[in-house]
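Worksheet: one structure, shown below.
The values are calculated or read from the model by the stated rules, or taken from the named source; none is laboratory data. All of these numbers come straight from a predicted model, not from anything done at the bench. Neighbour counts run over all protein chains shown; Cβ positions are idealised from the backbone, glycine included. All accessible areas refer to the heavy atoms of the entire protein, side chains included, with ligands and DNA or RNA removed. Shrake-Rupley method; radii C 1.70, N 1.55, O 1.52, S 1.80 Å.
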Amino acid sequence: MYQSKRIVTLFLTCLSIFLFQASSLFPSQVKQVTIAVVKDGPRAESDIAKRVEAELQKFITPDIELKLKAAPEFDAQWKPERMREVLQNAMDDPEVDIVLVTGALVTQQAVKEDFALTKPVVSSYVQTPGLFKAPFSEEDRSLKENLSFILVPHMIDRDIHTFREMFSVSSLHITLGEEYLEQGEFVRAEIEKMATKLGIDINFISISDNISESLSRIGEDVEAVVLSEAPRLSAADRRILIRDLTARKIPTFSFQGHPDVELGALAALAPDIIVLVARRAALNINQLIRGESTSDLPIFLSMDLKLLINGRTAAELGYFPNYEVRAMADFLYEDALKRDAATLTLEEAMKRAGENNTSLSISDSQVETSRLTMQVAKSSLFPQIFAGAGFQYDDPWGRLKEIFPKNQTVAGLTLSQVLYDDEVISDYRSSQRLFEGTQYEHEQKRLDVLSDAGEAFLRHVLSRLLYQIELENLKLTGENRDLADIRVRVGHAGRDEVFRWEAELARQRSTLLNVAAITESLRISLNQVLGAPQDVQWDPEEINVDPEVFTFLDSDLSQIFKNAQTYEKFREFMVQLAFVNSPELMYLDNAIEALGIQFGQRKRKFYLPKVTANLSYDYQISRSPELTDLSRSWFTFALSATYPLFSGGAKYHDMKRISSQLETLERETKLAQELVEKRIRTALQHVENSFPSIQFSQVAAENALKNLDVVQEKYGMGILNVTDLLEAQNASFIASQNAAISVYSYLLDMLALQRGMAWFELDKTDEERKELLDNIYIFMNSQDIHTKKANEKEMEK
């Protein structure tokens, strides 16, 4: 991606190199140029003057002898009364041709109307509009004679606004070097105006070269801190300052930019531009040496503002960015923000669902209930033992009084055995088939759960990919918005282009939040299917598909799709396999068998009796009157056969009811066969179409991206307009989405195909996979797997 500011920099660099080479070919008299380096005072870190000198050496031709003069009379030593004096010393020094000012305080003296600049002054101190009173025009030029400075379009209020979007605070404290607080009244005044405009209380924390003293100035009332410049604080002490604030759970945002984030600050917008600043100052000096005026030099230095967040600091503060912040930010140590997201593959997801899914546990209970029902039916075939006791009052008459007591209490045991009961036997046989059917029903639910888990996993991964594509597109729109800013400054476009990009940014942010919400809802759905706590986070593994090789069962079956006759035979194999494997059909087969047993029993009920044998033992615990020579205990054996002669037509109607139920089940079986065939044929058709579309979608995405690169470059050069770039970006965005969707659509179709087969590759052993592959090749040689499997099933029965 090219942007016009990079093109301008490249052009100036090439121009300087050309001038250098031309001067080598045509040497002239050596010209000595002396540059006075005027400083606010000694800084803790290296001065930018050395960087400027190093950059100058890249551009200065052999006919120029360069000398940088850093004398004591040009160093203000941070004394307020010397700021104007050291600049005047440089003006008065006859040896000095150009003045390089490296500090904010001397620069502010240079911009004052009452200070006459008799020599060209180049300031390398980066200033921001509104904060520093530097005179400039809309044409990107300095309005003060002999003064060139560098201005970045980076508004401090944007930093504060961004910080407040991350943290809702009522007050801010800004750390600032004590020398600026003492001498930079303009800085304090402008920030106070800004605070009033933003509706927030802003205070300052004075930072000296003594870190302990500086830390003691941080009060208990500090909510959040914005880090600004402290020129006499070393990088090591600055790191201590940031760490201390973080330890106090005080979030920090840096005006100074990304280097502070690397030191431990929470966030910053501005990049490290020290090299760009040194190069711009060197280019300006080089142009002055070549005879140009300061009024010819640009003042704006473009930079890509990008929110950078330190993940480790964020985690320590307990701050986890929302989706909108994540969408606009880059991260340092992003892994620190991951909330224990375990890796998850498709195979693991299906396995977890098979083990932990709640609906499967319910089905397990139903299978156990069916098994126990079968055992209950079986128990009626075994001997039954009953115990009983009772009190009896009789009033026997005649000689019965001699053998039957008037009052008696009797206890006894009875052993009963069914010798033949067609209803009991049929109920047991029927319950066996129903138990087998329940197991097939459980298998059907298990396959459905595996399919649901696989689908939930694939849709969650796809949603994450689409979120990343949305995010990259949003970032690209931000880059194009910045590119539009540059076009406006160089006169290639009006402000309407910037507004159009801003509107597009707002729309895409809204879309991104919607996609994020969908991604989260799909994660929750995945957890429900897996039987996992629904707040669990996953790092699901993306799946790559080779668009040129149709792989199934670890084998390349691409040739099957390339021949219509071969594919039709493969389709027939899959249909037969679906019929053989379908647990739905097996369940209905068992239900029909169970009902057929009941129907046969209802027909036999018209002529078969129930035969039972009973053996009883009874004992008289008490009796009145007492009967002599009569035993208190006795045994009774009975063999009985019962046959209902008339039951009001219930037997006939019951038989007809079961016959009707059988007819219903047979029709349901026919419908199930139709649905099984429909499912497998539909899945095959989808796979046939979705697999080749992967390659087409990827080619489209690659070419759309190449087109976007070309259009963006031409847009930056002013050749194409904003509509052209928007169309190219949208085309690339849609193509990228389609490329991702095509892969996962194919994977979802393959999942549906395997569900139609009632056979999941990831659920099988290597031996089972090999067996299926062998069966495919056998069938392609005209072996009828359906007949083979059906015969095997009959033999098992």
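Remarks
- Near Ala282: Cβ cut-off under 12 Å, other residues only, Lys/Arg at +1 and Asp/Glu at -1. The net charge is +3.
- Surface share of carbon and sulfur [accessible, 1.4 angstrom probe, percent] for the chain: 53 percent
- Rounded, prolate or oblate (a/c below 1.5 giving rounded, otherwise prolate when a/b exceeds b/c) for the stretch 511-582 by Cα gyration tensor: prolate
- Viscosity 0.890 mPa s, 25 °C: Kirkwood-radius Stokes-Einstein D of the stretch 620-671 over Cα pairs, µm²/s: 144 µm²/s
- For the chain, the solvent-accessible area with a 1.4 angstrom probe is 50 square angstrom per residue.
- At q = 0.13, 0.15, 0.21 Å⁻¹, base-10 log of I(q)/I(0) for the stretch 489-643 (Debye sum, equal scatterers on each alpha carbon): -1.07, -1.13, -1.25
- Positive-end ranking of Leu198, Ser742, Thr723 along the dipole of the chain, with charges on Cβ about the Cα centre, is headed by Ser742.
- All-pairs alpha carbon distance profile, the stretch 557-638, 5 Å steps from 0, percent: 3, 9, 9, 7, 7, 6, 6, 6, 6, 6, 6, 5, 4, 4, 3, 3, 3, 2, 2, 2, 0
- Distance between the modelled labels on Leu198 and Lys670, one decimal in nanometres: 7.8 nm (7 Å Cα→Cβ projection).
- Cα-only Debye scattering, the stretch 662-714: base-10 log of I(q)/I(0) at q = 0.22, 0.29 Å⁻¹: -0.82, -0.98
- Global form of the stretch 599-691, assessed from the alpha-carbon gyration tensor, a/c cut-off 1.5: prolate
- Estimated from the Cβ-Cβ distance and a Förster radius of 30 angstrom, the FRET efficiency linking Tyr643 and Thr369 is about 0.35.
- Excluding same-chain neighbours fewer than eight residues apart, the lysines reachable from Lys475 by a Cα-Cα span under 17 Å are Lys306.
- Over the stretch 376-469, relative contact order from alpha-carbon pairs under 8 Å, at least 6 apart, %: 29 percent
- Sites Lys656 and Ser380 - FRET efficiency at Förster radius 25 Å, r taken between beta-carbons, to 0.05: 0.45
- Once both labels are positioned 7 Å from their Cα atoms along Cα-to-Cβ, the gap between Lys31 and Arg248 label points is 5.5 nm.
- By the helix-only formula, in which each DSSP H run with n ≥ 4 contributes -39500 (n - 2.57) and the sum is divided by residues, the chain has a 222 nm mean residue ellipticity of -19000 deg cm²/dmol.
- Listed residue (Gly600, Tyr619, Phe637) projecting farthest to the positive dipole end of the stretch 595-644, Cβ model: Gly600
- Computed over the chain, relative contact order equals 11 percent, with contacts defined as Cα pairs under 8 Å that lie 6+ residues apart.
- Reachable lysines, given that their alpha-carbon falls under 24 Å from the alpha-carbon of Lys79 and they are not under 8 places away in the same chain: Lys39, Lys50, Lys69, Lys112, Lys119, Lys133
- For the stretch 401-484, the spread of Cα coordinates along the three principal axes comes to 125, 32, 13 Å, biggest extent given first.
- Globularity index of the chain is 1.61 (Cα radius of gyration / 2.2 N^0.38 Å, N = number of residues).
- Anchor Lys656: lysines whose Cα lies under 19 Å away (excluding residues fewer than 8 positions away in-chain): Lys603, Lys605
- Its residues counted as N, the stretch 574-732 yields a C-alpha radius of gyration over 2.2 N^0.38 Å of 2.63.
- With semi-axes defined as the square roots of five times the eigenvalues of the C-alpha gyration tensor, the equivalent ellipsoid of the stretch 439-485 measures 45, 4, 4 Å, largest first.
- Computed from the C-alpha gyration tensor, the three semi-axes of the ellipsoid equivalent to the stretch 715-759 are 42, 6, 4 Å, from longest to shortest.
- For the stretch 344-450, trypsin sites (Lys or Arg not before Pro) are listed when DSSP marks them as loop and at most 13 other Cβ atoms sit within 10 Å of their Cβ; the list is Lys406.
- Within the stretch 155-286, the ratio Rg/Rh, alpha carbon atoms throughout and Rh by Kirkwood, equals 0.97.
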